[in-house]
Amino acid sequence: MQLDAPQREPRVARARGRARDSPATFRVRFETTAGDFSVECTREWAPNGVDRFYNLVKLGFFDDVAFFRVVRDPVPFVAQFGIHGVPDVASKWANANIAPDAPKKSNTRGKLTFAMADNPGTRSTQLFFNYGDNRRLDGMGFAPVCEVAGDGMTVVDKLHAGYGESITDRQGKIMSSGNEYLKKEWPKLDYIKSVPRGPRRSGDLELGGPLREAVRCALIAAHLEGNVSLEPRRLVVIERARIR
């Protein structure tokens, strides 16, 4: 995923992991194995949820993350993702819940919304795209955070849906075994691909393969534990350590 330029420089929040408030509005480009599309996000819709999504994108959390639940039949429902492919990282974020947001928009086709367990206080890293009119979810506390831009749903509609709900109750296995399990047992799943976060600059570190992945995962986990700041100066260090 890649963040397009925000309308304003976000403030630095002093929350857990020293995450930053998101801009008032911003756009994120998804590059997936099914094609590319963008989403437009508005902080006013759900401040806690939008801030979390923004910071996860900045950390590169969604790189190589699977769309493990894609349900279009018999009724268009959702395309869900957000369990990190590295078990150690997934376990650290599993209970990193954010405060609830009262839904201000409806879960209609194209809206991106955080998944949750039994109440809005259990949102962490999983989200879903609404395939159909799921307004019934509004009353349960599912608050949309972004919306697919333009004709982007033509790409979301291409995500592999052959497994339906077959993997939904295997989320524990996904968390404990990661992408190794998914790619072996469910080989047709689509994924969010790793993408560059901007042009490379003179002096940037050259990392690749397993080392690059190890650095990325360490930074993601360190952010959750409060050891990495997303303040502008420190963000440069993070980005340079993650070079494409």
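The values are calculated or read from the model by the stated rules, or taken from the named source; none is laboratory data. Quick caveat: nothing in here was measured; it's all calculated off a predicted structure. Neighbour counts run over all protein chains shown; Cβ positions are idealised from the backbone, glycine included. In case anyone asks, the SASA skips ligands and DNA or RNA and just uses the protein heavy atoms, side chains included. Shrake-Rupley method; radii C 1.70, N 1.55, O 1.52, S 1.80 Å.
What the table below lists for this structure:
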item	result
Vicinal HN-Hα couplings computed from phi for the stretch 36-43 (Karplus, 6.51 cos²θ - 1.76 cosθ + 1.60; Hz; Gly/Pro x)	10, 7, 10, 10, 10, 10, 10, 4
Charge tally in the Cβ shell below 11 Å around G82, where Lys, Arg are +1 and Asp, Glu are -1, G82 excluded	+3
With all protein chains modelled, accessible area of F128 [1.4 Å, Å²]	10 Å²
Solvent exposure ordering (accessible area, 1.4 Å, most first) of W93, W186	W186, W93
Rounded FRET efficiency, nearest 0.05, which uses the C-beta distance separating E40 from K188 and R0 of 22 Å	0.15
Sequence-distant residues sharing a close amide H with T108 (under 5 Å, placed H)	N134
E185, E44, E31, reordered so the largest accessible area comes first (probe 1.4 Å)	E44, E185, E31
By accessible area with a 1.4 Å probe, ligands and nucleic acids excluded, highest first: order of H160, H84	H160, H84
Heavy atoms of Y131: accessible area, 1.4 Å probe, square angstrom to 10	10 Å²
In sequence order, calculated HN-Hα J values of the stretch 81-89 (Karplus, 6.51, -1.76, 1.60; Hz; x Gly/Pro)	7, x, 8, 5, x, 9, x, 4, 6
Heavy atoms of K183: accessible area, 1.4 Å probe, square angstrom to 10	100 Å²
Net charge dipole size for the stretch 56-126 [Lys, Arg +1 and Asp, Glu -1 on Cβ; Debye, nearest 20]	340 debye
